[in-house]
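The structure under discussion appears below in the form of structure tokens.
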Amino acid sequence: MFNLSYKTQRILILFGFLLIPVLLSLTFTYIPAASLLYFSFTDWTGLGWEMNWVGLDNYKEIFSRPEIFGVFKNNAYYFVGGLIQTAISLYFAVILTNRLKGRNFFRVMLFLPYVLHSVAVVIMFRNVYHAEYGSLNIFLDAVGLNSWQQEWLGNPSLVNISLAFISMWKFMGLNMVIFIGAMQSIPSDLYEAAKIDGANSWQSFRFITLPSINGVVQLMLIMSLAGSLEAFDTPYIMMKGANDTSTFVIQTVEMAFKFQKAGLASAMAVVLLIMVCILIGIQKLIFKEEK
């Protein structure tokens, strides 16, 4: 080792540092992804290793069964909720970036839901939405809005909105913190110059803040899109897909473990990945054209 040249030693050291991350990536990312792609062309049941090559039959079944793609209408609720969540988190970020008394307290309170476990959040909102003793209906009764009381989880026209609100409430704080971090990186000189020129708060936000954090806004929208397509934990823990709340990921999990069609479920996962990549690409292309 000591007889090697400095350049060779340097290459070996760099190779040694890179070897472990590469092996971990291969073990936990790329090899499983390649296996998933292979299984999508088989009739594997998920039990044992007996499987037959079926070619594109799984993909044909996905696109020929309306009930599989029909659940994307439920994913749309989470996407709309994600857009609203992005707007609200941006609003709070603008307020809490200013010199507001107690702003750190409000930041912590708004960020706190994100650190709560999804199971705890669902249990909490189950008590909020309960038709008889839920705190939401009790509050509506207390303020004289009895006609607004609903079976929030029993009404098919409201249940997906109620579930999307849970996700919106949980992740809003994370988006807010990201926006605050982006806004704090904007030079204060720009705002001072705008103030001297007579710009009001809205003009400063429109012409300074928003263009400066445009990349972060794009990131939030991409996260909202990907998150809506991959919605799983909240509807599954709360409803287990009942009452027309199933999402594409829930159907994929049920196909693999309930109906023992791991090959078809693998194909569904591949289709979802392709859809996410295509939609993100379209979204980035739209923002690029706007620039």
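The table that follows gives values for the structure above.
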quantity	calculated
Exclusive hit being modelled with pLDDT under 90 and under 22 Å from the mean Cα position of the chain (by Cα), set Gly134, Gly102, Gly48, Gly70	Gly70
Among the residues listed as Ala76, Ala93, Ala34, the single one being at pLDDT 90 or above and over 30 Å from Thr209 (Cβ atoms)	Ala34
Residue match in the range 87-96 (condition: surrounded by fewer than 18 Cβ atoms within 10 Å (Cβ to Cβ) and assigned to a loop (DSSP other than H, G, I, E, B))	no
Those residues of the range 12-53 which are touching a helix residue (DSSP H, G or I) at 6+ places or on another chain (Cβ under 7 Å) and of a type in the set (Val, Ile, Thr), in sequence order	Thr42, Thr45
Total residues in the range 179-204, condition crowded, with 18+ Cβ neighbours inside 10 Å and of a type outside the set (Gly, Ala, Ser)	3
In the range 182-200, residue nearest to Ala87 (Cα to Cα) [restricted to those that are under 31 Å from the mean Cα position of the chain (by Cα) and of a type in the set (Gly, Ala, Ser)]	Ala182
Unmet requirement for Gly198, which otherwise passes all of (1) in contact with a Lys or Arg (Cβ under 8 Å, 6 or more places away or on another chain); (2) part of a loop (DSSP other than H, G, I, E, B)	(1)
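Yes or no, residue by residue, for (1) under 18 Å from Tyr77 (Cα atoms); (2) hydroxyl-bearing (Ser, Thr, Tyr); (3) assigned to a helix (DSSP H, G or I); (4) without any contact (Cβ under 8 Å) to a residue 24 or more places away in the chain:
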position: Ile123; (1), (2), (3), (4): no, no, yes, yes
position: Asn155; (1), (2), (3), (4): yes, no, no, yes
position: Asn160; (1), (2), (3), (4): yes, no, yes, no
position: Met183; (1), (2), (3), (4): no, no, yes, no
position: Glu192; (1), (2), (3), (4): no, no, yes, yes
position: Leu221; (1), (2), (3), (4): yes, no, yes, no
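The values are calculated or read from the model by the stated rules, or taken from the named source; none is laboratory data. Everything quoted here is computed from the prediction, not taken from an experiment. Cβ sites come from the backbone with ideal geometry, for glycine too, and all protein chains shown count toward neighbours.
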